[in-house]
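Notes to accompany the following structure.
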Amino acid sequence: MSQSGDIPEKQSRAVERLVNKLTKEMLWIYILRLLQERPHYGYEIKELVTKKFGFAPATVSGYAIIYRLQRDGLIQSQESSESTRKYYEITERGREAMKLAKEFLLSTMSKVFDITE
């Protein structure tokens, strides 16, 4: 969905805000989703978010979120023995956070859009 192309003009700003909130402002979910597949390094995460999810987070934002995820125990880092890159992987606590986030979003969707066609 484009941010304005398919959206009626009267609703475009509201829907654009929704898209922004559920993408850039919820970047942690997208990062954890990628790390569920395998460990990735920082810049690779940014590129994969753009490629897989269709939006480009700011590099600084990505690293700030990675730092917070690490601090909260949702991911951990490991140094590569082959390069100077630091790879990040999801922890068990991060997997649990993803389950809880999914439950919350599915519950919210069913309540909010229960009569929307």
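Results, tabulated for the structure shown:
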item	result
Top-ranked residue in region 58-112 [being at pLDDT below 95, part of a loop (DSSP other than H, G, I, E, B) and not hydroxyl-bearing (S, T, Y); ranked as farthest from Y43 (Cα to Cα)]	E82
All positions within region 44-55 that are in a helix (DSSP H, G or I) and touching a Ser or Thr at 6+ places or on another chain (Cβ under 8 Å)	K46, F53
Answer residue from region 56-74, given it is out of contact with any Ser or Thr (no Cβ under 8 Å at 6 or more places or on another chain) and among the aliphatic types (A, V, I, L, M) and is surrounded by the fewest Cβ atoms within 10 Å (Cβ to Cβ) among those	V60
Members of region 1-43 found to be modelled with pLDDT of 90 or more and polar (S, T, N, Q), listed by number	N20, T23, Q36
Selected residue (criterion: farthest from E37 (Cα to Cα)) from residues of region 78-93 that are of a type in the set (D, E) and loosely packed, with under 13 Cβ neighbours inside 10 Å	E82
Qualifying residue in region 4-25 (condition: assigned to a loop (DSSP other than H, G, I, E, B) and polar (S, T, N, Q))	yes
Yes/no for G42 being surrounded by 14 or more Cβ atoms within 10 Å (Cβ to Cβ) and small (G, A, S)	yes
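The values are calculated or read from the model by the stated rules, or taken from the named source; none is laboratory data. From a predicted model like this one, the values you see are computed outputs, not experimental measurements. Ideal geometry is used to build each Cβ from the backbone, glycine not excepted, and the neighbour counts take in all protein chains shown.
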